[in-house]
Amino acid sequence: MDHHVYRRADLLAHGYRDRQIRDALDAGVLHRVRSGWYADRSADPEVVAAVRRGGALGCVSALSKHQVWVAPGYPDLHVRAGKYSRSMADGFCSGFGGPLPVTKAVDDVPLALMYAARCMTREHWIAAADSVMNSRRISADELRFRMGHIPSPVADWMRACDARSQSGTESIVRTRLRNRGFHVVVQPRIESIGGYADLRIGRLLIECDSRLHHTSPENYRKDRRRDRKSLAGRWMTMRLTYDDVLFGWDEALADICTVTDAGRHRIRKVRPK
Ligand SMILES: [Zn+2]
């Protein structure tokens, strides 16, 4: 994934000659972004901007570019400074340890995650790491391996991650409820719905919709059927929207607590199915 931004050293390594690069610049096929870096007309503007600033698109911005789930609230361009970037003072994200050289225009996911640990909140970082593991079907051990040396604050956050999470909202709800001391089961198998719910506290099933959910009539029908079947199986389903989780959490939590404070989530003699 080059995003149409090229390092001169890589062009040369792929057999291009200086003369060809000059011709491409003269013809307007390539333009110079900064010393040793070029872009063509299809280049991603965010990637070009990051390289122009003297670094690589990194951290939160790189995660978004790699289709990792990122919570709202990070509108700025996140740029990682290279080892030889002129100014380390302004506008660059800070990581752990010393700066690494920039050899690609966009940082890969493990490096971007490491930097994002400094720019994101804990729950947002956990949601992003869950998204990496789930979408790429890798375990926490494998992700840790790919990230290399992990400083202890990040290692603590890693322990709270769960590759089974199906959406960023599910990750955030799980993290928040566990922080409040709830015993939360992730992706429980529910016989009566013939599949898995997102989260479970006792017999309260919590389904967390991602932003794109319910775009199709089929999803709409499927969810109503699940809710009906879960009720028939003596479960209770609470469905949280993306907006409930990200922008209306206090009210959603109050409703969960209303159920649990009254003990209505307790599994009594007749086990739900
Ligand atoms: Zn950042």
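Results for (1) assigned to a helix (DSSP H, G or I); (2) farther than 30 Å from ARG174 by Cβ; (3) away from the ligand (no atom under 13 Å from the Cβ), shown as yes or no for each residue.
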site	(1), (2), (3)
ALA39	no, yes, yes
VAL47	yes, yes, yes
VAL68	no, no, yes
PHE96	no, no, no
ALA112	yes, no, no
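In the range 231-266, how many residues are of a type in the set (S, T, N, Q) and under 22 Å from THR121 (Cβ atoms)? Count: 1. Please go through the range 27-39 and give me each residue that is without any contact (Cβ under 8 Å) to a residue 40 or more places away in the chain and surrounded by 15 or more Cβ atoms within 10 Å (Cβ to Cβ), ordered by number. Passing the criteria: LEU30, VAL33, TYR38, ALA39. For the range 132-167, residues that are of a type outside the set (D, E, K, R) and free of Cβ contacts under 8 Å to residues at least 24 places away in the same chain total 4. Residues in the range 172-183 that are in contact with a strand residue (DSSP E or B) (Cβ under 9 Å, 6 or more places away or on another chain), without any contact (Cβ under 8 Å) to a residue 60 or more places away in the chain and not charged (D, E, K, R): HIS183 only.
When you look at ALA129, is it aliphatic (A, V, I, L, M), within 16 Å of the ligand (Cβ to nearest atom) and without any contact (Cβ under 8 Å) to a residue 40 or more places away in the chain, yes or no? Judged against the criteria, ALA129 is a match. Residues of the range 49-66 that are more than 13 Å from the ligand (Cβ to nearest atom), crowded, with 20+ Cβ neighbours inside 10 Å and of a type in the set (A, V, I, L, M): VAL51 alone.
A count restricted to the range 91-137 and to residues that are of a type in the set (Asp, Glu) and over 11 Å from HIS66 (Cβ atoms) stands at 2.
Is it fair to say ALA43 is surrounded by 18 or more Cβ atoms within 10 Å (Cβ to Cβ) and under 27 Å from TRP157 (Cβ atoms)? Here the answer is no, as ALA43 does not meet what is asked. Among the numbered conditions (1) within 16 Å of the chain's Cα centre (by Cα); (2) within 17 Å of ASP2 (Cβ to Cβ); (3) surrounded by fewer than 14 Cβ atoms within 10 Å (Cβ to Cβ); (4) of a type outside the set (Val, Ile, Thr), the only one that ARG137 does not meet is (2).
Within the range 219-241, can you find the residues that are modelled with pLDDT of 90 or more, part of a helix (DSSP H, G or I) and in contact with a strand residue (DSSP E or B) (Cβ under 8 Å, 6 or more places away or on another chain)? Passing the criteria: ARG226, ASP227, SER230, LEU231. Considering the range 7-37 alone, what residues qualify as being assigned to a loop (DSSP other than H, G, I, E, B) and charged (D, E, K, R)? Once the filter is applied, which keeps residues that are assigned to a loop (DSSP other than H, G, I, E, B) and charged (D, E, K, R), the range 7-37 yields only ARG17. Scanning the range 171-230 for residues that are more than 25 Å from the chain's Cα centre (by Cα), among the β-branched types (Val, Ile, Thr) and within 19 Å of ASP255 (Cβ to Cβ) yields nothing.
The values are calculated or read from the model by the stated rules, or taken from the named source; none is laboratory data. Here the structure is a predicted model, which means the values were calculated and not measured. Here the Cβ is made from the backbone with ideal geometry for all residues, glycine too, and neighbour counts use every protein chain on show.
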